[in-house]
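*Asks:* Below: one structure in structure tokens.
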Amino acid sequence: MDFGLLMFHTGAVLTLSNVGPYFYLSKVESSTEALLWNDIFLWTQLKLGIPRGTIRACVLIENILSAFEMDEILYQLKEHSLGLNCGIWDYAASIVTKFGDRSNFVLPDRNNYVNIDNHFLLSYMRLVVKVCHRRGAPATGGMAALTTASCKNEDDKKRIIDLVCKAKMKEINIGVDGFLIYDPELLPSINDIWSKYGLNQISTILHPDLNVSADDLLLIPSGAVTTAGVQRNIKIGILFIYSWLGNGKGHFMLDGAIEDSATAEISRSQIWQYIFHQTKLADATGEKNYESVCKK
């Protein structure tokens with residue numbers, strides 16, 4: 001419905017202004033869904049008298065199933081494709097959702113183990129880049145959730161900027177052609193590190209011998225599940241619902257970072273998984289009791 005209303009009211013104007021229409025396709029699980037969207041785009045352009053290929057869409061690879069059909073997804077969207085995007089939080093949450101009842105897929109504390117320094121997510125991002133660049137499509141990285149909004153002084157602000165730039169340099173070195181940031185204050189610094197890479201890296205093959213297997217994508221890191229990690233997940237889940245229903249916003253700030261539906265989803269999924277498996281809390285003494293942890 002959102003797509004139909006937007007196209008009906010603004011499709012022609014956006015086309016004449018040469019600024020779209022552009023879309024994100026989130027939660028796509030297969031190339032069959034991409035084919036359906038391509039059919040919708042073709043029909044819409046025909047009905048509105050818009051040239052074929054005007055509508056463009058970037059698919060978020062934020063589901064473990066779609067990671068195995070990236071070539072097919074790009075193929076099905078054809079001239080409507082704007083490449084692929086890495087949605088790390090939802091992607092990791094989907095692994096829990098699909099395989100969470102298996103003990104070898106228990107995902108440890110998110111803040112410590114769910115990042116591109118770990119093999120399964122590094123492999124995933126490298127594969128997104130490889131697939132896109134092989135077909136001349138852009139590959140974009142994830143969102144920088146840290147902000148300078150809560151910084152008390154210039155030293156704090158510099159620390160946040162340095163952390164974000166360091167994280168984004170990792171993605172640049174993997175080969176991405178862009179990424180998202182929440183805080184406009186970060187733009188000058190991000191533009192500085194991008195300046196020597198041009199508009200994109202599509203023509204640059206950084207890892208020509210890369211071979212990512214199913215085992216690479218499904219190699220869950222081993223690590224601790226802590227009381228603090230569980231309580232943070234609970235806090236994020238509750239605050240997201242409060243922000244959404246109480247304030248009408250789909251995001252909120254916690255400890256200087258933006259939390260949204262993606263982080264709420266992985267937080268919810270991890271809590272379910274830990275309770276399902278009665279995962280041992282690394283810092284708990286005696287018998288683990290998730291009910292008492294949840295009440296604290």
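*Asks:* By average Cβ neighbour count within 10 Å, what is the ranking of 213-223, 187-197 from highest down?
*Replies:* Numbers: 213-223: 13.9, 187-197: 11.9.
The peptides rank, most packed first, as 213-223, 187-197.
*Asks:* In whole angstrom, how far apart do the alpha carbon centroids of the stretch 220-246 and the stretch 96-120 sit?
*Replies:* Distance between centres, Cα-based: 14 Å.
*Asks:* If you wrap the stretch 94-238's Cα atoms in a convex hull and average its projection over all directions, what's the area in nm²?
*Replies:* 10.7
*Asks:* Would you calculate a helix-derived [θ] at 222 nm for the chain, using -39,500 (n - 2.57) for each DSSP H run of n ≥ 4 and dividing by the full residue count, to the nearest 500?
*Replies:* Roughly -16000 deg cm²/dmol at 222 nm, from the helical runs in the chain.
*Asks:* Quick one: Karplus J couplings for the stretch 104-119, per residue in order, coefficients 6.51, -1.76, 1.60, θ = phi - 60°, nearest Hz, x for Gly and Pro?
*Replies:* Here the 3J(HN,Hα) series is 7, 10, 5, 8, x, 3, 4, 5, 9, 10, 9, 7, 6, 6, 8, 4 Hz.
*Asks:* What percentage of all Cα-Cα pairs in the stretch 193-252 are separated by more than 12 Å?
*Replies:* Beyond 12 Å sits 80 percent of the P(r) for the stretch 193-252.
*Asks:* Measuring from a point 7 Å past the Cα of ASP192 along Cα-to-C-beta, which residues in the stretch 141-180 have an amide N at less than 15 Å?
*Replies:* 154-169
*Asks:* Considering only TYR124, LEU84, PRO51, whose Cα is most displaced toward the positive end of the charge dipole of the stretch 10-130, charges sitting on Cβ of Lys, Arg (+1) and Asp, Glu (-1)?
*Replies:* PRO51
*Asks:* Okay, next question. Kirkwood Rh over alpha-carbon pairs of the chain, then Stokes-Einstein at 37 °C and 0.692 mPa s: what D in µm² s⁻¹, rounded to an integer?
*Replies:* This corresponds to a translational diffusion coefficient of 158 µm²/s.
*Asks:* Taking every eigenvalue of the Cα gyration tensor of the stretch 68-107, multiplying by 5 and rooting it, what semi-axes result, largest first, whole Å?
*Replies:* The three semi-axes for the stretch 68-107 are 28, 11, 6 Å.
*Asks:* Measure nothing fancy, just the Cα-based angle from helix 227-247's long axis to the longest principal axis of the chain, in degrees from 0 to 90, nearest 10.
*Replies:* Helix 227-247 and the main axis of the chain meet at about 50 degrees.
*Asks:* Shifting gears a bit: Determine the share of the chain's accessible area contributed by carbon and sulfur atoms, expressed in whole percent, with a 1.4 angstrom probe. All intermediate terms of the calculation are to be shown ahead of the outcome.
*Replies:* Working: 8770 of 15600 Å².
Carbon and sulfur: 56 percent of the exposed surface of the chain.
*Asks:* When only Cα pairs under 8 Å and 6 or more residues apart are kept, what is the percent relative contact order across the chain? Each step should come with its number before you reach the end.
*Replies:* On the way: 418 pairs, mean separation 50.2, N = 296.
Answer for the chain is 17 percent.
*Asks:* Here is a further query. Under a 5 Å amide H to amide H cut-off, with H placed in plane at 1.01 Å, what residues pair with LEU25 once short-range neighbours are removed?
*Replies:* CYS58, VAL59, LEU60
*Asks:* Which value, in Å², gives the accessible area per residue of the chain when a 1.4 Å probe is used on the protein heavy atoms?
*Replies:* Accessible area per residue: 53 Å².
*Asks:* Here's something else I'd like to know. Build a GNM of the chain with springs between Cα atoms under 10 Å: which of LEU127, LEU254, LEU107 gets the top mean-square fluctuation?
*Replies:* Greatest mean-square fluctuation among the candidates belongs to LEU254.
*Asks:* Same structure, new question: Take the cross-link list LYS130/LYS168; LYS98/LYS235; LYS27/LYS280 and give me the ones stretching past 21 Å between alpha-carbons. Mind showing how you got there, number by number?
*Replies:* Working: LYS130/LYS168 18 Å; LYS98/LYS235 24 Å; LYS27/LYS280 31 Å.
Going by Cα-Cα distance, LYS98/LYS235; LYS27/LYS280 fall outside the 21 Å limit.
*Asks:* Something else: Rounded to the nearest 20 Debye, what is the dipole magnitude of the stretch 134-209 about its Cα centre when Lys and Arg each give +1 and Asp and Glu each give -1 at the C-beta?
*Replies:* With Lys and Arg at +1 and Asp and Glu at -1, about 180 debye.
*Asks:* Something else: Please work out how much length the chain gains when fully extended from HIS277 to ALA228, using 0.36 nm per residue of separation minus the C-alpha to C-alpha distance, in nm with one decimal.
*Replies:* Full-extension gain reported as 15.8 nm.
*Asks:* Something else: Name the residues of the stretch 187-212 whose amide N is less than 18 Å from a point 7 angstrom out from the Cα of MET253 along the C-beta direction?
*Replies:* Taking a point 7 Å out along Cα→Cβ of MET253, the residues of the stretch 187-212 whose backbone N falls under 18 Å are 187-188.
*Asks:* Find the percent of Cα-Cα distances in the stretch 44-161 that exceed 18 Å, and round it to a whole number.
*Replies:* Tail fraction, whole percent: 62.
*Asks:* Here is a further query. On a full-extension model of 0.36 nm per residue, what is the gain between ASP39 and ASP155, subtracting their alpha-carbon distance, rounded to one decimal in nm?
*Replies:* Gain on extension, ASP39 to ASP155, equals 36.6 nm.
*Asks:* Please give the charge dipole size of the chain, origin at the Cα centre, charges +1 on K and R Cβ atoms and -1 on D and E Cβ atoms. Round to the nearest 20 debye. List each step's numbers first, then the result.
*Replies:* On the way: 28 positive and 32 negative charges, 39 e Å.
That gives a dipole near 180 debye.
*Asks:* How long are the three semi-axes of the equivalent ellipsoid of the stretch 168-296, in whole Å, if each is the root of 5 times an eigenvalue of the C-alpha gyration tensor, listed from largest down?
*Replies:* On the way: eigenvalues 248, 108, 30 Å².
In descending order, the three semi-axes are 35, 23, 12 Å.
*Asks:* Fully extended, how many nm does the chain gain between THR32 and TRP244 (0.36 nm per residue separation, minus their Cα-Cα distance)? Before the final figure, lay out each step's value.
*Replies:* On the way: separation 212, 0.36 × 212 = 76.32 nm, distance 3.15 nm.
So the chain would gain 73.2 nm between THR32 and TRP244.
The values are calculated or read from the model by the stated rules, or taken from the named source; none is laboratory data. The model shown is predicted, which means the values in this text are computed figures rather than measured ones. FYI the Cβ positions are ideal-geometry reconstructions off the backbone, even for glycines, and counts take in every protein chain you see. Heavy atoms of the whole protein, side chains included, go into the accessibility calculation; ligands, DNA and RNA do not. Shrake-Rupley method; radii C 1.70, N 1.55, O 1.52, S 1.80 Å.
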